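I have placed the structure first, in the form of structure tokens, so that the comments after it can refer back to it.
We did not get these values from a lab; they are worked out from the coordinates using the rules stated. Bear in mind that the values here come from a model prediction, so they are computed numbers and not experimental data. Cβ placement follows ideal geometry from the backbone for every residue including glycine, while neighbour counts extend to all protein chains displayed.
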Amino acid sequence: MTTVSMTVNGKAVSAEAAPDTLLSDFIRESLALTGTHVGCDTSQCGACVVMVDGSSIKSCSILVVQAEGAKVTTIEGLASDGELHPMQKAFHENHALQCGFCTPGMMISAIDLVNKNPDLSEADIRHGLEGNICRCTGYHNIVKAVQAAAAEMKG
Amino acid sequence: MSNFQYMRASALDEAAAKVKGAEDGAVLAGGMTLLPSIKLGLSSPSDLVDLGGIGDLAGITSAGGSVTIGAMTCHADVANSGDVPPALAAMASGIGDRQVRNRGTIGGSIANNDPAADYPAACLALGATINTDQRSIAADDFFTGLFETALNDGEIITSVSFPTPDKAAYQKFTSPASRFALVGVFVAAGSDGVRVAVTGCGQGGVYRDADLESALAASFSADALADKSVSSDNLLSDIHAAADYRAHLIVEMTKRAVAACG
Amino acid sequence: MPDGNATGIGASVPRKEDRRFITGKGNYTDDINRPNQTYAYFLRSDIAHATLNGVDTSAAEKAGGVVAVFTGADLAAAEVGGVPCGWALTFQNGDPMKEPGHPILAQGKVRHVGDPIAVVIAESRKQAKAAAAEIKVNLSDLPVVVDMTKAIEGGQSVHDEAEDNICFDWAIGDKAEVDAVFEGADHVTSIDIVNNRLIPNSMEPRVAIGDFEDSTGDYTLYTTTQNPHVIRLLMGAFVLKIPEHKLRVVSPDVGGGFGSKIFHYAEEAMVTWASAQINRPVKWTSDRSEAFMSDAHGRDHVTKASLALDKDGKFIGLKEETLANMGGYLSTFGPAIPTYMHSVLMAGVYTTPVIYSNIIAVFTNTVPVDAYRGAGRPEATYIIERLVDRAAREMGISQVELRRKNFIPEDAFPYQTPVALAYDSGNYNATLDTALKNGDVDGFDARKAESAKNGRLRGIGYSTYVEACGAAPSAVAGALGARAGLYECANVRVHPTGSVTVFTGSHSHGQGHETAFAQLVSEKLGMHTENIEIVHGDTEKIPFGMGTFGSRSLAVGGSAIDKALDKIIDKSRKIVSHILEAGEGDIKFADGNFTVAGTDKTMAFGEVALAAYVPHNYPLEELEPGLEETAFYDPTNFTYPAGCHVCEVEVDPTTGVTEVVKFTAADDPGTVVNPMIVEGQVHGGIAQGIGQALLEGCSYDDNGQLLTGSYMDYTMPRADNLPNYVVSTESTACTHNPLGVKGCGEVGAIGSPPAVINAIVDALSDLGVTDVAMPATPQTVWRAIQAAK
């Protein structure tokens, strides 16, 4: 076991972890932040996507020890003081979620996408979300939501 | 996950020594292939040596008609770089998905030499040089077989240098499920002549197609390939594409790459 | 209290359930951890068919962290039952179907890759998995049957009870009569169809936690199911013999089901039983790789079908012979899917007077097959609509004209089909007209010419479908072999200050019941949905329930809520009558207020509620205090959503890549409660339908190894595979349920696959291509083009 320390959703955290612990397991089990989901074991589905140092990554595909010292944002850290992030608001208003399982990873990927390119075409959004699988929505409303959020995030 | 020792190296020689000293050491770069492999039990190294803490392994520098990409440079940084040949940036922007591009590295990709990876084709076609902590290796000598390279035990890639081509383009026919290349063809024309590298197809991994190269050397146009076909012998075959379909796509993707060279 | 009108029927109310999902506060089963919990890992067969000679667990038992190891022999010794089948079919001669046992852990043989052999329970998941590798399994390989035709033509028996691998050979319709019609037909169109096997792939893998409390003898099972009461009944009564009052099944937030979480699975029984053996909670979380080989698969029919027409293009007869794969064991509703959810739909939207459907259900060494979104009806629609498309091409009649000519006309409802079902309402021309208009079908030729300039072949395909959902009249279902009733239950609890909690048996796992059901209450009681809570997914809270499947939640579960609300209003009227001293007949209820005709006397619903719980001025001699009512609703018929889907594709003829460039759906889901949710349901269904048509196909090799065992090989539709959809509704009300609703959960998956494939056939028709198999992957399309050259 080694001690790992990082900042998660703005708070410094420190915990013991075996070196083979995945960041996703650490978040779900050690930090009890169960909003990050695990939907596959081949790094394809994207349900586990979190933000690490400003970039979206699949938390099932990195070791927690690799995130030592990192700034991590999970779904629980998107809203601030009860105020929803524009992406959360847009997902709600555009009915971009059904069962909600893929939603946390999907939104964090979308935020990363918009942060790095606020002027997204529909094709850019669809390509940019290829690492996140949704089985419920058929993506139509997700694309709409990302467009709406992008407009708001641009301000 | 298997039990392994983890070590975050702060310097290259430390990393190399650690890998060499381990019973079954592995270098951890972005981990986009290695960690999923360990998770599924396909790989079980005794020691993982993380290069993530060695600062000078990442970054892109250009000088004297060539660009050098640090081994730990992630695909997203290559995709967004104005310093690398546009064909290389475009290729990097199509690797895996957004999250893979944010983590996966050029060094990791070519050291792994997955037969369906994109970077090996770019290296071969552009005539890249793979620089390690011990030497420099020409791409033509580097990729030696499926998941096999010329790297010695414990030898670590530090950077890859790409000469600037006159023209280059990559065309990828994506495997619908995995998003790896079912067929990927990188075409480049430069001081070295015309080079056509094919990934996703060869039973021995990435390779150059001499026949397509000579046709294009004679006339660098898609029309030069109008009646060309390649043999399906020695090509991979799976549920998404049998060898004959791959053979067809190789020619088609080559044509499209040539057309994209403008 | 805010006005209720804004959140009643017909309003696109944003979903109440969203907040917890978008903030990471959902409560999925894997998010639950019980004190002192252990972890289960299933050792599964990696070969498809073998005799199980023995299992040596001694090394595993000694491995670090291991609490217990169980095998099929342990379960047999404890007289644990097998997984029951919920629907009994018969052979044509009336003999019962072959119903071999389905043990919780393999006994005697393994029958598919993924068949569980042993379970290890340990202090951690990692330890359980590591210990499982220490188990020595002694297997003797048997020949493997994967292909259904080979299975019934002398293939190795999967079960001794069904030597020829035929589970049942069942038929509906008069074969001789239909054959005679075909003899005299002016034109016969025939087709060979494969409805490809699909893997449901809800994004949340299955999870089950068994939690036995020694001090009370109470069992709790937390599980990812669409129908907790059904699991309690099946597992309690048939597998573990636990009476209902000692068994609680909790199904919290569930991350999608699509049918695959209807069924009672072995893992649920295993963790529940094991928890009592070790007197600690036992948790199992499926890996995705495990899900691929243990969640029931869908579809997998191989069909020969023909349509007989007269010289004018009127359909005069239809017949099909279908082999339906059951897999290695019978799943809960496996036998019902290709029969009572399929053959009875073979009339489609047409007046075809005689129909014969013969279904042979086949055991193979593959994962069990059961309902997946649409369940039997997509298969039927695909057969019919491919036949109609081909007949139109062969006879030189336009796709639209041939369909219109054969539609059941608007004035013919109720319409008795020749295959048992009687459709209550519909207007097939209306949905067709809307789809033609919204899809700008008139502009297709210009778009095709434009595509051609870019070297793309553009095609257009149609599908006009009807389906049956809202299962079902229990008496009818029972007569057809169902081993359960198919009503639904609702309890409406009005609280003293007038807010409402509804307890429903219809589980929500993405469908938005917490909003749509609240809208029913809002509409009826005139209160805002924020004062209404919908509770589901816990047998301890809900009186009873049959659960969510077959697009039945609103039609059956919603109707039960409506009936309970009627009782609430009836009782309220009695209370108002007493307090306002007015005759019950003079009391009107609207917009949340009771008024007395001809007076200015009024009483708000909230005041009535308070009076019911503070019965100071109350007719206690005649009426009990309190305001809470329960209703069970058993429908008198299925509901029949219908519609028209029009698809346009562009095919790149050099690579075979097909892109859906335009998709238009006009559906009739009956009364629309929440248009936003209906659209979302249709979008999702279409995506799965396009998935079946273009991308998804489960593939086994001859040894029964799953070639599509992960997302590396099984193609899930992603954002960049799909277009935006143009969807709309053209509703006719259901005539036999109080809400007029039909259903919308499956229409997208039912209507869309033939529209996509017909569009590809259209695009390639100039090249001489007449058929393309699903999934129409680039390689498949390219081969079809090469074969036509």
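The magnitude of the dipole of chain B, with charges of +1 and -1 set on the Cβ of Lys/Arg and Asp/Glu and taken from the Cα centre, is near 660 debye. Here the dipole of the stretch C:616-684 is about 360 debye; that uses its Cα centre as origin and unit charges on the Cβ of Lys and Arg (positive) and Asp and Glu (negative). Highest-first packing order for the peptide set C:302-315, C:337-350, C:237-250 is C:337-350, C:302-315, C:237-250, based on the mean count of other beta carbon atoms within 10 Å. All C-alpha to C-alpha distances of the protein assembly as shown, sorted into 20 Å bins beginning at zero, yield P(r) values of 11, 39, 37, 11, 1, 0 percent in whole numbers. What's the long-distance tail for the stretch B:167-261, i.e. % of Cα pairs beyond 22 Å? Summing the P(r) tail past 22 Å for the stretch B:167-261 gives 21 percent. For the stretch B:167-261, the relative contact order comes to 31 percent (Cα pairs under 8 Å, sequence separation of at least 6). The fewest-to-most ranking of C:354, A:49, C:144 by surrounding Cβ atoms within 10 Å reads C:354, C:144, A:49. Assign one of three labels to the stretch B:5-50, namely rounded, prolate or oblate, based on the Cα gyration tensor with a ≥ b ≥ c the square roots of its eigenvalues; rounded applies when a/c is under 1.5, prolate when it is not and a/b is larger than b/c, and oblate otherwise. Taking the square roots of the gyration eigenvalues as a ≥ b ≥ c, the stretch B:5-50 is oblate. Report the FRET efficiency, 1/(1 + (r/R0)^6), for residue B:133 and residue A:7, where r is their Cβ-Cβ distance and R0 is 22 Å, rounded to 0.05. Step by step, r from the Cβ atoms, then E = 0.10. For the stretch A:22-51, the residues whose backbone nitrogen is under 20 Å from a point 7 Å from the Cα of residue A:80, taken along Cα to Cβ, are A:50-51. Mean per-residue shielding of peptide C:271-284 is 0, counting Cβ atoms of other chains within 10 Å of each Cβ. Near the amide H of residue C:331, within less than 5 Å, lie the amide hydrogens of C:369, all on another chain or at least 5 residues away, with H placed in the peptide plane. Over the residues of chain B, the helix contribution to mean residue ellipticity at 222 nm works out to -8500 deg cm²/dmol, using -39500 (n - 2.57) for each DSSP H run of at least 4.
With +1 on the Cβ of every Lys and Arg and -1 on the Cβ of every Asp and Glu, and nothing else charged, how large is the dipole of the stretch C:21-86 about its Cα centre, in debye rounded to the nearest 20?
On the way: 4 positive and 7 negative charges, 46 e Å.
My answer is approximately 220 debye.
Restricting the calculation to Cα atoms, chain A shows an Rg/Rh of 0.97 when the hydrodynamic-style radius is the Kirkwood one.
For the listed peptides C:58-66, B:193-201, a ranking on the average number of other beta carbons within 10 Å per residue, highest first, reads B:193-201, C:58-66. Each of C:181, C:193, C:216 was placed along the dipole of the stretch C:179-223 (beta-carbon charges, centred on the mean Cα), and the one lying farthest toward the positive end is C:193. Using a cutoff of 8 angstrom between alpha carbon atoms and counting only pairs six or more residues apart, the relative contact order for chain B works out to 15 percent.
The helix-only estimate of mean residue ellipticity at 222 nm for chain A, built from DSSP H runs of length n ≥ 4 each weighted as -39500 (n - 2.57), is -8500 deg cm²/dmol after division by the residue total. Of all DSSP bridge pairs formed entirely within the protein assembly as shown, close to 80 percent run antiparallel. Averaged over residues, the count of other Cβ atoms within 10 Å places the peptides C:539-548, B:209-218 in the sequence C:539-548, B:209-218, highest first.
Per-residue mean of foreign Cβ neighbours for A:139-146 is 5 (Cβ atoms of other chains, 10 Å radius). Considering only B:177, B:15, B:117, the Gaussian network model of chain B with Cα springs below 10 Å gives its largest mean-square fluctuation to B:177. How many angstrom lie between the C-alpha centres of the stretch C:226-294 and the stretch B:163-197? Distance between centres, Cα-based: 50 Å.
The relative contact order of the stretch B:55-163, computed from alpha carbon pairs under 8 Å that lie at least 6 residues apart in sequence, is 28 percent. Taking a ≥ b ≥ c as the square roots of the eigenvalues of the Cα gyration tensor, the stretch B:55-163 is classed as rounded, since a/c falls below 1.5. For the stretch B:3-64 versus the stretch C:733-777, the spacing of their alpha-carbon centroids is 50 Å. Looking at the stretch B:1-128, the DSSP beta bridges with both ends there are about 40 percent antiparallel.
Per-residue ellipticity at 222 nm, computed for chain C from helices alone with -39500 (n - 2.57) per DSSP H run of at least four residues, works out to -7500 deg cm²/dmol.
For the pair residue C:186 and residue B:13, a Förster radius of 60 Å applied to the C-beta separation gives a FRET efficiency near 0.10, rounded to the nearest 0.05. Applied to the stretch A:64-79, the Karplus parametrisation 6.51 cos²θ - 1.76 cosθ + 1.60 on θ = phi - 60° returns per-residue 3J(HN,Hα) values of 4, 5, 6, 9, 3, x, 7, 9, 10, 10, 10, 4, 5, x, 6, 7 Hz, with x for Gly and Pro.
Starting from 0.36 nm per residue, how many nanometres of slack lie between residue C:789 and residue C:245 once their C-alpha separation is accounted for?
Difference between extended and current length: 189.1 nm.
Between B:10, B:38, B:27, the Cα set farthest toward the positive side of the dipole of the stretch B:5-50 (charges on each charged residue's Cβ, about the Cα centre) is that of B:38. Counts of other chain beta carbons within 10 angstrom of each beta carbon in peptide B:41-48 average 1. Starting from the Cα gyration tensor of chain C, take the square roots of the eigenvalues, sort them a ≥ b ≥ c, and report rounded, prolate or oblate (rounded when a/c is under 1.5, otherwise prolate if a/b is larger than b/c, else oblate). Cα axes put chain C in the oblate bin.
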